[in-house]
1. Checking the conditions here, which among A:Thr101, A:Thr51 is in contact with a Ser or Thr (Cβ under 7 Å, 6 or more places away or on another chain), within 14 Å of another protein chain (Cβ to nearest Cβ), at pLDDT below 90 and crowded, with 16+ Cβ neighbours inside 10 Å?
2. Those residues that are within 11 Å of chain A (Cβ to nearest Cβ) and not in a strand (DSSP E or B), I need them from segment B:52-73; list them, please.
3. Within segment B:28-51, which residues are under 23 Å from B:Pro139 (Cα atoms), more than 8 Å from chain A (Cβ to nearest Cβ) and among the charged types (D, E, K, R)?
4. Suppose we keep only residues that are touching a Lys or Arg at 6+ places or on another chain (Cβ under 9 Å) and not acidic (Asp, Glu) within segment A:71-96. Which one would you say is farthest from A:Leu227 (Cα to Cα)?
5. Among the candidates A:Ala122, A:Ala138, A:Ala60, single out the residue that is more than 14 Å from chain B (Cβ to nearest Cβ) and crowded, with 23+ Cβ neighbours inside 10 Å.
6. When B:Glu191 is evaluated against the numbered criteria (1) more than 14 Å from every other protein chain (Cβ to nearest Cβ); (2) more than 17 Å from the chain's Cα centre (by Cα); (3) touching a residue at least 40 places away in the same chain (Cβ under 8 Å); (4) closer than 30 Å to B:Ile229 by Cβ, which criterion, by number, is the only one it fails?
7. Do you know which of the residues in segment A:110-131 that are among the small types (Gly, Ala, Ser) and part of a loop (DSSP other than H, G, I, E, B) is nearest to the chain's Cα centre (by Cα)?
8. Output yes when any residue across segment B:99-110 is under 11 Å from the mean Cα position of the chain (by Cα) and either of a type in the set (Lys, Arg) or not assigned by the TED database to the domain that holds B:Gly53 (or both), and no when none is.
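The values are calculated or read from the model by the stated rules, or taken from the named source; none is laboratory data. None of these values were measured; they are calculated from a predicted model. Don't worry about glycine lacking a Cβ; one is built from the backbone with ideal geometry, like all the others, and counts go over all protein chains shown.
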Amino acid sequence: MEVDREDGRSQNQLRPLACSRNILHRAHGSASWSQGDTKVLAAVYGPKAGTKKNENPEKACIEVIWKPKTGQIGKPEKEYEMILKRTLESVCILTVNPNTTTSIIVQVVNDDGALLPSAINAACMALVDAGIPMKHLAVAICCCVAKSGYVILDPTKLEEQKMKAFAYLVFPNSVHSVLPEGSLRVEGEPIENGIITSVTHVDDYFYCLERGRAASVKLSDFLRRNLQQQSTDSSKAG
Amino acid sequence: MENKQSSSPASFVDSTVVPGDVVLDLSSMTSQTIKLGGGLRQDCDAISAMKAGTLRFSKPNKYWIESSQKRYVPCVEDTILGIVVDSKADNFLIDIKGPAMGFLPVLAFEGGTRRNIPKFEVGTLLYLRVVKANFGMNPELSCTDASGKAAEFGPLKDGYMFETSTGLSRKLLSSPTCPVLEALGKKLSFEIAVGLNGRVWVNAASPDTIVVVANAIMNSESLSGAQQIIMVDHLLKNIQ
């Protein structure tokens with residue numbers, strides 16, 4: 001089904017991605033992530049000694065602070081913080097630095113649709129920049145389902161407002177491995193689900209999932225190239 | 001989704017890896033003992049990367065991931081620069097830019113006894129050696145070398161301390177001497193202490209020398225050897 005999107009993209013096409021790491025001088029890790037016009041800045045401080053009162057001291061604790069572009073902090077920001085915290089807790093290896101807190105501050109610079117997935121991507125790159133041990137990278141995509149049933153990826157704000165439902169999906173990145181292919185497949189390549197916001201039909205959800213997975217491969221490659229490029233820049237020295 | 005790589009472990013050595021990449025397959029290396037350094041973790045038979053960086057291998061059997069961060073992961077026998085944060089009955093609490101505070105026992109000085117415990121103010125900069133760095137415990141530090149001699153450890157007076165990344169600290173301490181330090185040493189006279197935790201202390205007779213040395217080191221992080229020498233020449237031309 002051919003769909004006309006306002007900016008001329010096809011159904012499965014993502015907006016241009018840009019990512020830079022180590023942009024903030026004082027933060028221990030930082031990254032800026034933009035998908036088209038949506039831009040998010042993430043900063044990581046830590047690990048620092050001590051955990052909060054209700055947290056398990058045998059694990060590292062992750063604390064997220066979401067700063068909106070304008071306005072006061074209210075319930076939507078608290079919800080984003082909670083979603084980010086749970087996603088990042090499942091991506092980081094929490095047993096390496098017990099009894100420590102890592103703080104992640106996310107600042108929205110511009111919101112043009114797919115804000116939460118951009119924030120998850122930015123936070124993940126900032127954690128890599130800070131050297132926090134992780135099991136794998138998190139790759140986040142936004143899928144929308146329209147009233148007529150077609151699914152599009154990476155919507156802009158206008159497209160989001162017209163949709164019937166949208167789903168944010170987070171996947172582990174595709175790994176390069178020395179193991180023979182068969183052994184990784186057996187695990188079934190576990191999928192992490194971010195949050196599903198009001199998907200109305202089960203069929204639609206699985207369709208979104210397929211599309212999202214395919215797009216996550218492209219995002220994974222982009223992340224890998226970005227990390228290789230920046231590491232070769234700094235390794236030229238000395 | 002996964003790219004098939006050749007099954008020899010040499011295929012990832014010296015290339016950039018991303019968290020999650022499986023870099024070694026133990027089932028194909030049954031009769032060897034290998035040592036894993038920082039950044040790698042073991043998942044049954046697969047060794048996977050926890051950090052992004054370059055995989056390095058040193059004969060006969062050591063693998064580790066080299067990366068440069070602003071925070072420090074304490075390792076035994078590292079020499080670091082710590083700042084006194086508090087003093088307790090038995091230990092000084094030292095900030096070493098790591099996940100936990102370091103403990104410096106009050107007696108860990110040459111000829112240290114209960115009667116001549118040094119009095120360090122909060123904020124004193126110390127050149128220290130890491131004695132113990134166990135999982136889950138605060139690292140233990142010392143102001144003596146392994147045989148009990150003072151050997152340059154202890155408080156650093158005067159001078160200027162600035163923070164860098166751990167990667168730059170390692171380059172400054174590498175042998176042969178880092179090009180930046182050699183080029184600076186030919187024209188200026190200064191004293192320098194490099195901590196592997198990303199802190200560098202510089203002292204010289206005049207403040208402008210200190211500032212030039214500090215700026216040269218901070219600028220040299222992403223430059224190659226030849227570029228570093230050019231940069232130092234440029235800086236020195238401007239002040240003389």
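1. Values: A:Thr101 fails: at pLDDT below 90.
Going through A:Thr101, A:Thr51 in turn, the sole match is A:Thr51.
2. Result: B:Ala52, B:Ser67, B:Ser68, B:Gln69, B:Lys70, B:Arg71, B:Tyr72, B:Val73.
3. B:Lys35
4. Filtering first and then ranking leaves A:Ile73.
5. Values: A:Ala138 fails: more than 14 Å from chain B (Cβ to nearest Cβ); A:Ala60 fails: more than 14 Å from chain B (Cβ to nearest Cβ).
Matching residue, one of A:Ala122, A:Ala138, A:Ala60: A:Ala122.
6. (3)
7. Taking segment A:110-131 first, the residues among the small types (Gly, Ala, Ser) are A:113-114, A:118-119, A:122-123, A:126, A:130-131.
The next check asks that each one be part of a loop (DSSP other than H, G, I, E, B); those that pass are A:113-114, A:131.
On the way: A:Gly113: 14, A:Ala114: 10, A:Gly131: 17 Å.
Among those residues, the one meeting the criterion is A:Ala114.
8. Of the residues in segment B:99-110, the ones under 11 Å from the mean Cα position of the chain (by Cα) are none.
The answer is no, given that none of the residues of segment B:99-110 is under 11 Å from the mean Cα position of the chain (by Cα) and either of a type in the set (Lys, Arg) or not assigned by the TED database to the domain that holds B:Gly53 (or both).
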